[in-house]
Amino acid sequence: MSENANAIRTPITWFEIPATDLERAKRFYETIFETELNVMDFGGPMAIFPHEDRSVGGCIVAGRDSHPSPHGTLVYLNAEGRLDRTVDLVTQAGGRVDTPKMKITDDIGYVAYIIDSEGNRVGLHAMT
């Protein structure tokens, strides 16, 4: 395969987690990651996860097209260095742990699956 200036470098550029209650979902993710999400309006309010410029980013979005579900697309959020702590905060934040932390392989690391405050199934990933 030849190098191409338009080649895909990462399959994910942005993600949106649907919510029926944006403020509740924002509090949930702020609590489990112990960080602040910024609300911005891009044709409707979105709670934006912290991310570096030109890196993969994402948000929580509510509105008529938002349909939270544990059966839709599965997003894995980075919990590097704090996977245990993040999982510990899920219940307190209004969600539930679907699958506790488990090791996949040495090369892939660990994952856990949660159900967020809106009913979405979300993966958490960390190497340690």
Magnitude of the Cβ-charge dipole of the stretch 14-126, K/R +1 and D/E -1, about the Cα centre, nearest 20 debye? 280 debye
Report ³J(HN,Hα) in whole Hz for each residue of the stretch 80-93, in order, from the Karplus equation J = 6.51 cos²θ - 1.76 cosθ + 1.60 where θ = phi - 60°; Gly and Pro get x. 3, x, 8, 4, 4, 4, 4, 4, 4, 8, 4, 5, 4, 7
Can you work out ³J(HN,Hα) from phi for every residue in the stretch 10-18, in order, using Karplus 6.51 cos²θ - 1.76 cosθ + 1.60 and θ = phi - 60°, giving whole Hz and x for Gly and Pro? 8, x, 10, 10, 7, 9, 10, 9, x
At 222 nm, what value in deg cm²/dmol follows for the chain if DSSP H runs of at least 4 each add -39500 (n - 2.57) and the sum is divided by all its residues, to the nearest 500? -4500 deg cm²/dmol
How high is the relative contact order of the chain? Use alpha-carbon pairs under 8 Å, at least six apart in sequence, and give a whole percent. 25 percent
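Each value in this text was obtained by applying a stated rule to the coordinates, not by laboratory testing. All figures in this text were calculated on a predicted structure; none of them were measured in a lab. Neighbour counts run over all protein chains shown; Cβ positions are idealised from the backbone, glycine included.
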